[in-house]
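Q: Got a structure for you, written out below as structure tokens; questions coming shortly.
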Amino acid sequence: MPQAITISNLTKTFPGEEGEHIALQSVNLAVEKGDIYGIMGLSGAGKSTLVRCINGLEHYDSGTVTVNAKEVGSLNRGDLRMLRRDIGMIFQSFNLMPSRTVAGNVELAFRNRKDRAARESRVCELLDLVGLADKADSYPNELSGGQKQRVAIARALVNNPSILLSDEATSALDPNTTQSILDLLRNLHDRLGLTIVVITHQMAVIKQICNKVAVIADGSIVEEGKVFDLFVNPQARLTKSFIETTSNLEKISALIEHNSPLIALHPGEILLRMRYVSKQVSQALISIISRQFNIDANIIFGDIDVVDNAPLGGLVVIFKGKASDVREAIEFLKKRDIRIEVLKHAELA
Amino acid sequence: MLNWLDHLFPNVMARLPEFFDSFVQTLIMVGVAGIISFFFACGFAVALILTQPHGLTPNAVVFNVLDKIINTFRSIPFIILAAALVPITRAIVGTAIGTQGAIFPLIIGITPFFTRQIQSALAGVDAGFIEAAEAMGMGTVEIVFRIYLREAIPSIIRVSVITLVSLVGLTAIVGIVGGGGLGDFAIRYGYQRYMLDATYSTIIVLVLLIGLIELVGRLLVEVSQH
């Protein structure tokens, strides 16, 4: 796939009261056309600065940012404006102009301002696309947060950009609305072939729509890769802690620690954590092992999600059966790319 | 019906046409000086907002020079400024007295104040709107006219009302240095000839005028907000 955005060795410092503050340090990033690329970090990690370097809202000290084969830092004002029309952007605070109607906001940046008919039909088309055709004459203050973000998305798409930058676009929204906005972004990506860069501090957002992710901390990228791989095999401590927030499989350690009656094992029982670590199509594994190996499986926790069209997550289960059967069942699962961790054994029967 | 007016304001009723003319002169001075200074103030305020340290086109020289000039003029009491401007007024307008001679010092007197007011109205435009406009690929001129000035309209109306009220006060002061208007009327008759009713009727008319300006301002703000 051709590159949409290539960032290499990007460094930016802000002058501060106590010397310079390093906002970005030697950042390298490659976003291919058609990616939904997540940039994940805590607040102050530099992710907003990074995304603003992509459309030239921020200048950088060294390194290069190449967008659609143009080096952003070397463009003059006019060329930068042309490039920005090919990069839509949406914000956490929506930034709709309160003095203009929904339609007025969407057409604000329309390239061909003189052609009224083209402008009006484009606005209709976009409001249809985001499901707000009936709100054209409303003012932003009359809309809910989710509707405002939909208008902002329509506005960002008015000039048919190839790239959409989303800066914490769902952070101010409730979970249901977040869901619907993410669905819309995914839908637009599929229909329009958009490349989307998603800035967020919510791992759940990454899990839901991104295919690639970079985790950023203190201005540097600590880990990057395909979302599925990163969730299965997180390397950096920060990534691990982010991922734990999206899964409840870690709760088991608290239960073990507190000797919860829920996981009190009887003789012949074994407590395990199973995780999906490959993109194989899920099988009826629990049913298979209980039939083949004569094992009773008691599911304590389940957390299976679909990430990038593959099942991700796992189960915490208690297996009950003959020791040899249990051993064989575990071997069987391991062969099918299920990662098994034995958390607790019962005293031998 | 006019009997009680004759009784309460004998000197004013005797000079009713002159009183009315003075009122019209005040309106002309407030109107003309207000409109002209509005455009200057918008221009200077936009220049300050654009050239300020984190503005769209930062320029320390332009910003600081403009900033200092405004502060300097604002620190001169208007009555002294008006007197000091007499030679310049005469050179530019041809006369330093009457309504015509008053408008120039009024503009110089009110523009710095007006500029600060509009500057604060523009500064109140959410930085996020400006960022969004930049991200859309808008140029500086477009951002000034389609975002800054437009989104600040309710605030601009509000500060314009405040400024107009101050300007009414300044028109009364130019009465002292030879300008016309109600201030001149009140000073000549009310103050110099002890015709108290001239002073009181001037106060009543000015209070009503300011009330009217504020009422219209409030209505406009309401209409302009969504």
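FYI, it's all coordinate maths here, none of it is from the lab. Predicted, not measured: the structure shown is a model, and the values here were computed from it. As a convention, Cβ positions derive from the backbone with ideal geometry for all residues, glycine included, and neighbour counts pool all protein chains shown.
Q: Where does the charge balance sit around B:Ser155 when Lys and Arg score +1, Asp and Glu -1, over other residues with C-beta under 15 Å from its C-beta? If you can, show how the numbers build up before the last one.
A: On the way: positive: B:Arg116, B:Arg150, B:Arg158, B:Arg218; negative: B:Asp126, B:Glu151, B:Glu222.
Net charge in that neighbourhood comes out at +1.
Q: What FRET efficiency, computed as 1/(1 + (r/R0)^6) with R0 = 41 Å and r the Cβ-Cβ distance, is obtained for A:Ser8 and A:Ala254, rounded to the nearest 0.05?
A: Calculated value: 0.40.
Q: Around A:Ala169, under 15 Å between beta carbons, what's the net of Lys plus Arg minus Asp minus Glu among the other residues? Show your work: numbers first, answer last.
A: On the way: positive: A:Lys47, A:Arg52, A:Lys148, A:Arg150, A:Arg155, A:Arg186; negative: A:Asp167, A:Glu168, A:Asp174, A:Asp183, B:Glu131.
Result for the neighbourhood of A:Ala169: +1.
Q: Between the range A:282-335 and the range A:3-48, what's the alpha-carbon centroid distance in Å?
A: That distance is 41 Å.
Q: Then there is this: Below 25 Å Cα-Cα, how many Lys pairs turn up in the range A:248-346? Only count pairs eight or more apart in sequence, or on different chains, if you could.
A: 14
Q: How much length is gained on full extension from A:Arg339 to A:Ser220, taking 0.36 nm per residue of separation minus their Cα-Cα distance?
A: Contour length minus Cα-Cα distance gives 39.8 nm.
Q: OK, next. At most 10 other Cβ atoms within 10 Å plus a DSSP loop assignment makes a site exposed; report the longest stretch of chain A without any exposed GluC sites (Glu not before Pro).
A: Values: sites that count: A:Glu17, A:Glu18, A:Glu347.
Longest stretch, sites excluded: A:19-346.
Q: Relative to the longest principal Cα axis of chain B, at what angle does helix B:16-51 sit, 0 to 90 degrees, rounded to 10?
A: Tilt relative to chain B: about 10 degrees.
Q: Still on this model: Along the Cα→Cβ direction, 7 angstrom out, place labels at A:Asn76 and A:Thr245. What is the inter-label distance in nm?
A: The modelled label-to-label distance comes out at 4.5 nm.
Q: Let me ask you something else. Give the angle, between 0 and 90 degrees and rounded to the nearest 10, that separates the Cα long axis of helix B:60-74 from the longest principal axis of the Cα atoms of chain B.
A: Around 20 degrees separate the two axes.
Q: Can you give the FRET efficiency to the nearest 0.05 for A:Ala236 and A:Asn298, using r as the Cβ-Cβ distance and R₀ = 45 Å?
A: Values: r = 34 Å, r/R0 = 0.76.
Taking R0 as 45 Å, the efficiency between A:Ala236 and A:Asn298 is 0.85.
Q: How much of the DSSP bridge set in the protein assembly as shown is antiparallel, in percent, rounded to the nearest 5? Working shown, then result.
A: Working: 49 of 68 bridges.
Within the protein assembly as shown, antiparallel bridges account for around 70 percent of the total.
Q: Amide H neighbours of A:Ile39 under 5 Å, counting only residues 5+ apart in sequence or on other chains, H built in-plane at 1.01 Å?
A: A:Val198, A:Ile199, A:Thr200, A:Ala214
Q: So, one more: Find the relative contact order for the range A:209-269 and round it to a whole percent, using C-alpha pairs within less than 8 Å whose residues are 6+ positions apart. Write down the numbers at each step before the final one.
A: Details: 35 pairs, mean separation 11.4, N = 61.
Once normalised by length, the contact order is 19 percent.
Q: Please give the calculated 222 nm ellipticity per residue for the protein assembly as shown, where each DSSP H segment of at least 4 residues contributes -39500 (n - 2.57) and the sum is spread over every residue; nearest 500 deg cm²/dmol? Could the numbers behind the result be given before it?
A: Working: 23 runs with 284 residues, N = 575.
Counting only the DSSP helices, I get -15500 deg cm²/dmol.
Q: Mark the label point 7 Å from the Cα of B:Thr95 along Cα→Cβ and return the residues of the range B:1-36 whose backbone N is within less than 14 Å of it.
A: The answer is B:25, whose backbone nitrogens lie closer than 14 Å to the label point.
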